[in-house]
Structures are given as C-alpha cells and as structure tokens.
Amino acid sequence: MWQWFFKLGSPRLFYSMTDRYLPWLVWVTVFLMSIGLIWGLALTPPDYQMGENYRIAYIHVPTATLAMGCYAMMACFSAGYMIWNIKLADMIAKACAPIGATITAVALATGSLWGIPTWGTWWIWDARLTSTLIMLFLYTGIIALRSAFDSVDSGARACAVLSLVGVVNLPIIKYSVEWWQTLHQGSSSLSLSNTAANPPEIWLPAFFVGFGILGFFLIALILRTRNEILLRERRTQWVAELVNAVQRREQSNA
Amino acid sequence: MPEFQFQSLSEFFAMGGHAVYVWWSYAIFALIFAFNILQPLLAKKRILRQLQARLVREEARTVSGFSEPDGGKED
C-alpha cells in the first residue's frame, strides 16, 4: 500500500521526472514573473500614504513568506529523513538551506530599503526583524553544521535535528506583529482575505509575483537536488550511463 | 484594463523620489535569484566533468588490473 510513497523517494525517479517537467516549470515561472513584475512596478496605482515606495511590497512580502515556507519545507523533509530514512528527503533538505538563506537575506534587505523612507530607520531590534534575522542564522548554521561532518549520514542527522528545533522560530516570526508592539505593519494590508481594503489591482500582481517567486524557488531547489543526486549516486550504473551520454553528446558537438 | 501609472518613462524611473529604494530592492532580488539559478547550473558542469574523469580512471583500472589502495573512495 505504501510502496508508491517509497517509490517517490527514489533519487533516480526524481531525476528523470524533473528532467521531463523542469522546462515547463521554467516557462510558467518566466510567464508569471514578467507579468507580475511589470504589473506591480508600472501598472498598479501608487499607495495613498507611501506613494511609489510601496512597490517594494511586491517582492518583500512574497520573499519573506517564501523564506518561512522554505524553512517549513526543509523541516518537513528533515522529519521525513529522520522517520523513514529517505535519502532523497535529506538531499532536498540540504538544497533548501542555501536557497532559504539567500531568500531570507533578500527579505531583510528589501525590508531595510523599505524602512529607510517609511520608518526613518533601516533596522530596529523588534520582534519581527530579530526573529527573521534568527532564521537567517539558523539557515547559515545548518549549512555550516553539515560541512563540519565527514560522514554524510551523521551530518544529515545533525542538520535534521537542528532544522526541527528551529521550527519553533516560525510561529514567532508569523505572530510577532500581533504579540508585540512593533514598527512592522501587520499582514492585513496585502492579505487576500481583506478584499474590501484591497482591490484586485493591488493583490492580483502580488498573486503573479508570488507564484513566480515560488516557481523560481522550485527551479533552484530542483537544480540543487539534482546535483546532490549525481554526487551521491555516482557509483550507480544509471549515473555512469548518464555521464557517458553527456560525454558522447559533447564529443559529437565538438 | 490596468494602465501605465506614470506620465513618462523618466518619471517611472524616478519612482516619485523613491528610485534608490525601489530599484535597489528589485536589483538585489534579481541578482540573488539569478545567483540561485546559475550557481547550481555551473556546479552541474563541474560535477559532470569530475564524474567523467572518474569513469575514465576506472576504465583504465579494469583494463590494467590495477586497483587503488582505497578502492577509489577518495573522489
């Protein structure tokens, strides 16, 4: 009954499936991104208080959301590795860490650039900003921890434990603007549930950029995971055949 | 139908006096996302080269009957 589930954990199947569907994902992402960015930057009306500056929201909000989503995903795959010992889950979790770290850095940087004109400061040590900075440190800590191990399995287990412990930070980030007094605004202003305050011309471009950024993330994640598969499965017959096929193609092109 | 919200292209680039913040935000975003795509693509080329070299080495070993002391683990 659970055979399909463990079949999904086959690195070889992941490699061939992504081979087939990656081009589609790339096209959908480029489509969503180009529409969303042009719309958000040029076609949507300016905010009555923040003027043109609020256009930063179109990348700040989805990157910050994705930074947390990436952490949750990494923790889920870490749990999958710990519970069922699925190697592919650990490879995906490993790929999540550097992407998540860079996305968190983008969220912090765009937040600072937004904060200078609207708050008058690029940084305050409030709950939202500090907990997001902690998430950046968790990501970098997980990357550093893995590189400290010679054994792949010990590194994977240590990183999985750290990832799971760090999950406690996610609700703190999410609810920080409700639990504590802060300069950071709540999530209402771009929330899809609050349609009265947000006409479609505001949230529709955000929808496009949001899914475009999600596509970007998935492409980066798949590329990194595929590299990890090649490295860890290098002694298998199918990788040898794949390498030989690439070599033959290069020779015929040369 | 959404319309272009600026009077001219130069006003678009000025972003109502917030050009520095808006365009730097988008530039940082574009750079980091481009890095996240290009870095694994370059790494893949490097990995394939390494694996090719390893396959050639192994072939030579099976032909000559020579085996590495560590069983070829260190690569």
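The values are calculated or read from the model by the stated rules, or taken from the named source; none is laboratory data. Because the structure is predicted, anything quoted here is derived from the model rather than measured. We place every Cβ from the backbone using ideal geometry, glycine too, and count neighbours over all the protein chains shown. What goes into the accessible areas is simple: the full protein's heavy atoms, side chains included, and nothing from ligands, DNA or RNA. Shrake-Rupley method; radii C 1.70, N 1.55, O 1.52, S 1.80 Å.
Odds and ends about this structure:
- Filter result for A:Ala75 (within 14 Å of chain B (Cβ to nearest Cβ), crowded, with 18+ Cβ neighbours inside 10 Å and farther than 29 Å from A:Trp203 by Cα): no
- Residue pairs meeting the criteria (Cβ under 6 Å; at least 6 apart or on separate chains; first within 11 Å of another protein chain (Cβ to nearest Cβ), in region A:28-41; second of a type in the set (Phe, Trp, Tyr) and open to solvent by 30 Å² or more (accessible area, probe 1.4 Å)): A:Thr29/A:Phe216; A:Ile35/A:Phe208
- Test for A:Gly120: is it touching a residue at least 60 places away in the same chain (Cβ under 8 Å) and over 25 Å from A:Leu223 (Cα atoms): no
- So A:Arg157, is it open to solvent by less than 60 Å² (accessible area, probe 1.4 Å) and basic (Lys, Arg): no
- Unique match (being out of contact with any Asp or Glu (no Cβ under 8 Å at 6 or more places or on another chain), charged (D, E, K, R) and part of a helix (DSSP H, G or I)) among A:Arg235, A:Arg226: A:Arg226
- Any hit, region A:90-97, residues being facing chain B (nearest Cβ under 10 Å), closer than 21 Å to A:Phe216 by Cα and either among the small types (Gly, Ala, Ser) or in contact with a Leu (Cβ under 6 Å, 6 or more places away or on another chain) (or both): yes
- Residue in region A:4-27 that is open to solvent by 30 Å² or more (accessible area, probe 1.4 Å), modelled with pLDDT of 95 or more and facing chain B (nearest Cβ under 10 Å) present: yes
- For A:Phe14, the test of being without any contact (Cβ under 8 Å) to a residue 60 or more places away in the chain and of a type in the set (A, V, I, L, M, F, W, C) is failed.
- Which numbered condition A:Leu218 fails, given (1) more than 10 Å from chain B (Cβ to nearest Cβ); (2) open to solvent by less than 10 Å² (accessible area, probe 1.4 Å): (2)
- Residues that are under 30 Å from A:Gln3 (Cα atoms) and open to solvent by 30 Å² or more (accessible area, probe 1.4 Å), drawn from region A:32-72: A:Gly69, A:Ala72
- Number of positions in region A:98-114 that are open to solvent by less than 10 Å² (accessible area, probe 1.4 Å), facing chain B (nearest Cβ under 9 Å) and more than 11 Å from A:Cys70 (Cα to Cα): 2
- Residue ID - surrounded by the most Cβ atoms within 10 Å (Cβ to Cβ), chosen from residues in region A:204-215 that are out of contact with any Leu (no Cβ under 7 Å at 6 or more places or on another chain) and facing chain B (nearest Cβ under 9 Å): A:Pro205
- Tabulated pairs, region A:233-254, first of a type in the set (A, V, I, L, M), second part of a loop (DSSP other than H, G, I, E, B) and open to solvent by 50 Å² or more (accessible area, probe 1.4 Å), C-beta under 9 angstrom, 6+ apart or interchain: A:Ala240/A:Arg234; A:Val243/A:Arg234
- Taken over region B:2-26, the criterion of being of a type in the set (A, V, I, L, M, F, W, C) and either open to solvent by less than 40 Å² (accessible area, probe 1.4 Å) or within 9 Å of chain A (Cβ to nearest Cβ) (or both) is satisfied by B:Phe4, B:Phe6, B:Phe12, B:Ala14, B:Met15, B:Ala19, B:Val20, B:Val22, B:Trp24.
- Matching residues, region B:27-68, being open to solvent by 60 Å² or more (accessible area, probe 1.4 Å) and not in a helix (DSSP H, G or I): B:Gly65, B:Phe66, B:Ser67
- Subset of region B:36-52 [under 22 Å from A:Thr104 (Cβ atoms) and more than 7 Å from chain A (Cβ to nearest Cβ)]: B:Leu38, B:Gln39
- Just one of the listed residues (A:Phe137, A:Phe149) is at pLDDT 90 or above, in contact with a Gly (Cβ under 6 Å, 6 or more places away or on another chain) and not small (Gly, Ala, Ser), and it is A:Phe149.
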